[in-house]
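The values are calculated or read from the model by the stated rules, or taken from the named source; none is laboratory data. What you see is a predicted model, and the numbers here were worked out from it, not measured in a lab. Counting neighbours? That spans all protein chains shown, and the Cβs are built from the backbone with ideal geometry, glycine included. Side chains included, ligands, DNA and RNA excluded: accessible areas come from the protein's heavy atoms. Shrake-Rupley method; radii C 1.70, N 1.55, O 1.52, S 1.80 Å.
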Amino acid sequence: MRQRKRGTTAQQLLTAEVALVGALCVALLVTEIPSLLRELKIWRISGGLGARHRYP
């Protein structure tokens, strides 16, 4: 009779690590959304891409 090994396989560990890193990236993005929106607003007010000659 064969006995199955119990424990964590490398594939399960890799999947857990990917899920953890993904969750951390999403959490960071969610916390930074207000700052990104503020920066986008400032960029649009200052002229966006067409403002290169005014703001070096």
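So A19 clears everything in (1) at negative phi; (2) at pLDDT below 95; (3) surrounded by 10 or more Cβ atoms within 10 Å (Cβ to Cβ) except one condition, right? Which one?
(2)
Suppose the filter is open to solvent by 90 Å² or more (accessible area, probe 1.4 Å) and at pLDDT 90 or above; does R38 pass it? Steps first, please.
Working: open to solvent by 90 Å² or more (accessible area, probe 1.4 Å): yes; at pLDDT 90 or above: yes.
Spelling it out, R38 is indeed open to solvent by 90 Å² or more (accessible area, probe 1.4 Å) and at pLDDT 90 or above.
Of all residues in the stretch 41-56, which are open to solvent by 90 Å² or more (accessible area, probe 1.4 Å) and either touching a Phe, Trp or Tyr at 6+ places or on another chain (Cβ under 7 Å) or at pLDDT 85 or above (or both)?
Kept after step one, since they are open to solvent by 90 Å² or more (accessible area, probe 1.4 Å), are these residues of the stretch 41-56: 41-45, 49, 52-56.
Matches in the stretch 41-56: K41, I42, W43, R44, I45.
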